[in-house]
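What follows is a single structure, written as C-alpha cells, with notes after it.
Every read-out reported here was derived from the displayed coordinates using simple, explicitly stated rules and does not represent laboratory data. Computed from a predicted structure; not experimentally measured. So basically every Cβ, Gly included, is an ideal-geometry build from the backbone, and we count neighbours across all protein chains shown.
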Amino acid sequence: MDLNTAIATFRSDKPELENFGVSWHDGAPVPVGYWPEGDKQMALDAVSTIPATQLDPNSALPMMLTTFIDPQVYEVLFAPNAIADIIGEERKGTWVEQTLMLPVAEATGETSSYGDYNNNGRAGVDVNFPQLQSYLFQVIKQYGELELARMGLARINWVTEIDRAAAITLNKFANFCYAFGVVGLQNYGLLNNPYLSASLTPGAKAAGGTAWINSAGVVVASANEIFTDIQSLYYQLVSQNPGLISPETEMTLGIAPVSAVGLTATNSFNVNVADLLTKNFKKLKIKEAVQYQVKSSSNPQGQAGGNLVQLIADELEGQQTGYAAYNEKMRAFPIIRQLSSFQQKMLGGVWGTVLRYPAGIASMIGV
C-alpha cells in the first residue's frame, strides 16, 4: 500500500469513525495504522528513538548542595601572653610621650661624735633619673565588599575575625617586647634586661648534664636535685638583697611549660618538688611562659642557652620590683571608606619591662 492508497482508505473510513465519536481537524496526518507494516515500523522507530546525548553521562548533584558548613568557627590557639601576668602590668604616660623618666632616691649620710659645739655629721639624698624609650607599633585592618559577601556565604563574620586578628597581633607583639625589649632603644625586657645579674648554672645531675628533662621528654633529675637548683636561686636572691628577703616574701617562679613538668618529680618519701616548694616558700607562685623555653623552630621566641628559670621577689619594702609598662594598649583610628573597601589603623605602644629593682630577680639557665 502506497501513500495515496493509505490516504484514500483513511478518508473512506472517516465517516464511520466519526459516528463513534472520533474526529480529526483538517490537515491532520494519516494515522500510523493505515501505513503498511514495514513502513509502520519505520515510523515507530523514528518516534521512539532518542538522539545521541551531547553531555558526559552523569546523575550527581553539585557537591555544594550536599555540603553543610558548621556555623561554629574554631579559632587557632596561641600561647598565652604570660609575661605581664608574671611581672605585673601598668600604664605609664600616653602615646605622645617618647621618654619615661624613673626618679630614684638613695639616702646618704654620716654620723660623728656628739659635742655641744661639734658641727660634724650629715644627712643627704642621692637622686638619679634613669630613662626608658617608648616604641609605637601598628597594624592595618582592611577588607572589601566582595570579600565580606563571600565570607558571609561561608557563615564567617569576617569583620569580627579581622578585628580579633588585629587585637591578637598587637598583644602578641607587646608581650614579645615585655620579654625581650626593642633592639636599638632603651627599651628592655624581663628576660634580657642588661641590669639583671648573670644567670646561674644548674648543678650537675647524677644522670649527667644539668638539665631537668632530656630531649625525649623524660625527667632525669631527681626531685631533690631540682629543689636544690631552686634553693640556689633563692640563695642568690637573698645575697642580692641582704635582710630584705625571707621565706615569707611573696615571690614568683617564672618557668617554661616543659620545665614545669620537672616540678612533678617525686623523691623516695613520695614528696614531689611542688610539695617542697609549697612547704618552704608558702607565698611562692609558679607561672609559666613559653619565652622561658629553649629556642627552637616551634618556639622562635625562646632562649638560646637552654630553658630559663627566674625567681622574682614581687615587692621589696612595699615597692614593686618591676612591671610591664605600656603607654597605649590599643588606639583605633577612623575607618576609611574606599571605593569598594575599608581600612583602619590600630596602634599600640610599650616601654618594655620596667625593673625598678633588678636585684629583686635571680635567674638560672640550662635547666
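Quick notes on this structure:
- For the listed residue pairs LYS172/LYS283; LYS172/LYS295; LYS141/LYS287; LYS92/LYS285; LYS205/LYS285, the alpha carbons are over 23 angstrom apart in LYS172/LYS283; LYS141/LYS287; LYS92/LYS285; LYS205/LYS285.
- The calculated FRET efficiency for ALA154 paired with LYS295, based on their beta-carbon distance and R0 = 41 Å, is about 0.65.
- Between ASP163 and SER112, the modelled label-to-label distance comes to 7.1 nm, taking each label 7 Å out from Cα in the direction of the beta carbon.
- Here the peptides 280-289, 155-164 are ranked by packing, the mean other Cβ count within 10 Å, and the order with the highest first is 280-289, 155-164.
- Helix 158-180 axis, angle to the chain major axis (alpha carbon atoms, nearest 10°): 20 degrees
- Between SER112, ILE168, ALA332, the Cα set farthest toward the positive side of the dipole of the chain (charges on each charged residue's Cβ, about the Cα centre) is that of SER112.
- For the pair THR201 and ALA105, a Förster radius of 30 Å applied to the C-beta separation gives a FRET efficiency near 0.25, rounded to the nearest 0.05.
- Charged side chains reduced to their Cβ positions (Lys and Arg at +1, Asp and Glu at -1) give region 155-254 a dipole of some 320 debye around its Cα centre.
- Dividing the helix sum by the residues of the chain, where each DSSP H run of 4 or more adds -39500 (n - 2.57), gives a mean residue ellipticity at 222 nm of -8000 deg cm²/dmol.
- Axis of helix 223-240 versus longest Cα principal axis of the chain: the two differ by about 50°, to the nearest ten degrees.
- When peptides 68-81, 299-312, 239-252 are sorted by average Cβ neighbour count within 10 Å, with the highest value leading, the order is 299-312, 239-252, 68-81.
- Region 66-218 - convex hull of alpha carbons, volume per residue in Å³: 261 Å³
- Shape analysis of region 177-283 based on the Cα gyration tensor places the equivalent ellipsoid semi-axes at 27, 19, 13 Å, largest first.
- Highest average first, the peptides 55-64, 171-180 ordered by how many other beta carbon atoms sit within 10 Å of their residues are 171-180, 55-64.
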